[in-house]
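Chemist: The structure's right below; bear with me while I get my questions together.
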Amino acid sequence: MKILATGGAGYVGSTVVRTLLQRGHEVYAYDNLCKGYKESVPAGRLIIGDINDYHKLCTVFKEKQIEAVMHFASYIAVGESCEKPREYYDNNIAASLNLLDAMMDCGVKKMLFSSTAAVFAPLGDNDPALTEDSPKAPDSPYAFSKFALERIIDHYSKAYGLGFTILRYFNACGADNDGCFGEAHDPETHLIPLVLQVPLGQREFIGVFGSDYPTPDGTCVRDYIHVEDLADAHVRAIEAVEPAKADYFNIGTGNGNSVLEVIKAAEEVCGCKIPVKFLPRRSGDTSRLVAGADKLRKQLGWTPKHTDIKEIIATAWKWHKAHPKGY
Ligand code: UFG
């Protein structure tokens with residue numbers, strides 16, 4: 001399939017681009033490099049462009065005969081979105097509308113959209129995991145921007161015959177086995193890369209946002225999903241998209257780990273103590289997000305290969321040790 005991946009030079013996007021190429025698809029990363037890294041995209045596969053640029057998108061769709069779009073490009077930090085809602089709505093909603101319009105005008109009728117577990121209301125104490133139909137309560141501007149676009153895509157599907165799959169990621173993390181491609185954001189806000197900055201000697205302690213959440217140890221629980229397992233789900237999902245057909249999948253392992261459990265696992269992987277400092281809660285955070293990904297397993301035959309948090313952190317540690325300053 002001929003695919004354009006917006007945000008294809010980002011952490012998840014570039015992993016999916018490399019996986020699609022390995023599996024025989026013709027894919028291009030379309031990225032303005034405001035957050036992504038050209039080094040993460042295989043040679044000849046990067047198109048530098050903005051999703052705000054309608055004419056460039058139309059030119060690329062026609063020249064490359066694009067059949068499907070995977071839409072990764074977005075701002076992704078929950079906490080930051082509470083401080084900068086305008087930027088999140090501009091980039092994640094307004095620019096995405098431009099992309100959708102260019103797709104419709106050029107007859108591109110298949111789409112995969114990177115949504116998030118943050119659209120869900122937090123899990124109750126007795127609920128094991130979030131299914132695709134669990135109640136939604138997008139709290140932060142980031143989560144709301146993703147939820148709004150989910151709805152917009154659905155409306156475009158009904159009116160214009162767009163076939164789409166929404167993938168709701170839990171917490172993407174880890175690096176490839178060879179330690180060549182890993183997680184790098186500037187500024188970094190994600191837990192695992194920040195924790196690993198302590199053994200790298202780049203920070204003295206890890207700040208823990210909140211210790212009074214209704215979870216067993218009082219810190220937030222997340223479902224950490226290895227980026228290569230995420231990528232595998234994308235390939236299966238895009239191959240199953242059909243015009244005018246809609247689907248939704250959660251992508252997570254079904255295991256929840258608290259912030260303190262992640263730190264402990266990182267201490268074991270790195271073989272050193274990681275000092276902790278408890279800080280106030282971060283705006284927009286939800287207490288517990290754990291995936292029920294049975295639908296993905298049953299419908300698309302997906303199984304995560306990485307389910308142990310220590311093993312996942314070990315892949316990240318290999319990359320961060322080899323690239324202490326990122327790409
Ligand atoms: N955390 C800390 N200290 C830090 C950084 C994070 O305690 O220095 C905590 C957060 O408060 C949160 C947990 O670690 O409880 C995970 O935080 P991340 O920033 O790593 O990830 P988020 O859960 O906030 O968000 C990530 C992605 C989103 C995605 C979401 C899905 O950034 O795009 O996972 O669950 F939507």
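Chemist: Any chance you could run the full-extension gain for Gln22 through Ala137? It's 0.36 nm times the residue separation minus the Cα-Cα distance, nm to one decimal.
Modeler: 37.7 nm
Chemist: Separate question: At 1.4 Å probe size, with no ligands or nucleic acids counted, give the accessible surface of Asp294 in Å², nearest ten.
Modeler: The accessible area comes out at roughly 90 Å².
Chemist: Top to bottom by accessible area (1.4 Å), largest first, where do Glu80, Glu239 land?
Modeler: Glu239, Glu80
Chemist: After finding the eigenvalues of the alpha carbon gyration tensor for the stretch 153-236, what semi-axes result from the square roots of 5 times each, listed largest first in whole Å?
Modeler: Ellipsoid half-lengths, sorted descending, are 32, 20, 12 Å.
Chemist: Given all pairs of different Cα atoms, what value in angstroms does the Kirkwood hydrodynamic radius of the stretch 59-202 take?
Modeler: Over the stretch 59-202, the inverse of the mean reciprocal pair distance is 17.2 Å.
Chemist: For the stretch 192-327, give the magnitude of the charge dipole about the Cα centre (Cβ charges: +1 Lys/Arg, -1 Asp/Glu; no others), in debye to the nearest 20.
Modeler: 300
Chemist: Which of the aspartates and glutamates could a cross-linker bridge to Lys64, judged by Cα under 18 Å and excluding same-chain residues fewer than eight apart?
Modeler: Here the aspartates and glutamates satisfying the reach criterion relative to Lys64 are Glu26, Asp31, Asp50, Asp53, Asp101, Asp105.
Chemist: How much accessible area does Ser114 have with a 1.4 Å probe, in Å² rounded to the nearest 10?
Modeler: 10
Chemist: From the backbone phi of the stretch 214-230, what are the Karplus-calculated ³J(HN,Hα) couplings (6.51 cos²θ - 1.76 cosθ + 1.60, θ = phi - 60°) in whole Hz, Gly and Pro given as x?
Modeler: x, 10, x, 10, x, 10, 5, 10, 10, 9, 8, 10, 5, 4, 6, 5, 4
Chemist: Specify, per residue and in Å³, the volume enclosed by the convex hull of the alpha carbon atoms belonging to the stretch 129-172.
Modeler: Cα convex hull per residue, to the nearest whole number: 94 Å³.
Chemist: Would you kindly calculate the translational diffusion coefficient of the stretch 181-327, applying Stokes-Einstein with the Kirkwood radius from alpha carbon pairs, for 20 °C and a viscosity of 1.002 mPa s, and quote it in µm² s⁻¹ without decimals?
Modeler: Stokes-Einstein gives a translational diffusion coefficient of 128 µm²/s.
Chemist: So, in nm, how far is label Lys56 from label Gln202 when the simple model puts each one 7 Å beyond its Cα toward the Cβ?
Modeler: 2.8
Chemist: Let me know the shape class of the stretch 271-327, please: from the alpha-carbon gyration tensor, a ≥ b ≥ c as square roots of the eigenvalues, rounded when a/c is under 1.5, otherwise prolate if a/b is greater than b/c, or oblate.
Modeler: Note, shape of the stretch 271-327 comes out oblate.
Chemist: With r as the distance between the Cβ atoms of Lys273 and Arg86 and R0 = 56 Å, compute the FRET efficiency 1/(1 + (r/R0)^6) and round to 0.05.
Modeler: Efficiency, from the Cβ-Cβ distance: 0.85.
Chemist: Report the label-to-label distance for Glu311 and His155 in nanometres (one decimal), using points 7 Å from each Cα along the Cα→Cβ vector.
Modeler: Between Glu311 and His155, the simple spin-label model gives 4.4 nm.
Chemist: Let me ask something else about it. Just to confirm the number: angle between the C-alpha axis of helix 95-105 and the first principal axis of the chain, 0 to 90 degrees, nearest 10?
Modeler: Compared with the principal axis, the helix lies near 30 degrees.
Chemist: Residues with amide H under 5 Å of Asn32's amide H, sequence separation 5 or more or different chain, H placed in the peptide plane at 1.01 Å from N; which?
Modeler: Those lying under 5 Å, H to H, from Asn32 are Gly7, Gly49.
Chemist: Which of the aspartates and glutamates could a cross-linker bridge to Lys298, judged by Cα under 14 Å and excluding same-chain residues fewer than eight apart?
Modeler: Once the sequence-local aspartates and glutamates are set aside, what remains near Lys298 is Glu132, Asp247.
Chemist: Per residue Cα convex hull volume for the chain, in cubic angstrom?
Modeler: 118
Chemist: Let me ask something else about it. For His190, what accessible area in Å² do you get when you roll a 1.4 Å probe over the heavy atoms of the protein chains, rounding to the nearest 10?
Modeler: 50
Chemist: Run the numbers on the chain and let me know its relative contact order in percent, using alpha-carbon pairs under 8 Å that are six or more apart.
Modeler: Taking the mean separation of contacting Cα pairs over the length of the chain, I get 20 percent.
Chemist: Distance between the C-alpha centers of the stretch 290-319 and the stretch 240-287? Whole Å please.
Modeler: The distance from the Cα centre of the stretch 290-319 to that of the stretch 240-287 comes to 11 Å.
Chemist: With every protein chain kept in the model, how would you rank Trp302, Trp317 by accessible area, 1.4 Å probe, largest at the top?
Modeler: Trp317, Trp302
Chemist: Measuring with a 1.4 Å probe in the full set of protein chains, what accessible area per residue, in whole Å², belongs to the chain?
Modeler: In whole numbers, the chain has 42 Å² accessible per residue.
Chemist: Still on this structure, I have one more. Strictly over 21 Å apart at the Cα level, which of Lys56/Lys245; Lys264/Lys318; Lys146/Lys264 would you flag in this model?
Modeler: Listed pairs above 21 Å: Lys56/Lys245; Lys146/Lys264.
Chemist: Further question: Taking amide H atoms as placed 1.01 Å from N in the peptide plane, list the residues 5 or more away in sequence, or in a different chain, whose amide H sits under 5 Å from that of Tyr75.
Modeler: It is Asn92, by chain and number.
Chemist: Taking θ as phi - 60°, what are the ³J(HN,Hα) couplings along the stretch 41-49 by the Karplus curve (6.51, -1.76, 1.60), each to the nearest whole Hz, with x for Gly and Pro?
Modeler: 10, x, 3, x, 10, 9, 10, 7, x
Chemist: Just to check I understand the Karplus step: with θ = phi - 60° and J = 6.51 cos²θ - 1.76 cosθ + 1.60, what whole-Hz values come out for the stretch 117-131, glycine and proline as x?
Modeler: Once θ is set to phi - 60°, the couplings for the stretch 117-131 become 5, 5, 6, 7, 5, x, 5, x, 4, 9, 8, x, 6, 8, 8 Hz.
Chemist: Mind listing the long-range amide H neighbours of Thr116? Cut-off is under 5 Å, sequence gap 5 or more, other chains count too, H placed in the peptide plane at 1.01 Å from N.
Modeler: Tyr169
The values are calculated or read from the model by the stated rules, or taken from the named source; none is laboratory data. None of these values were measured; they are calculated from a predicted model. Backbone-built Cβ (ideal geometry, glycine too); neighbour counts: all protein chains shown. Protein only, heavy atoms only, side chains kept; ligands, DNA and RNA dropped before computing areas. Shrake-Rupley method; radii C 1.70, N 1.55, O 1.52, S 1.80 Å.
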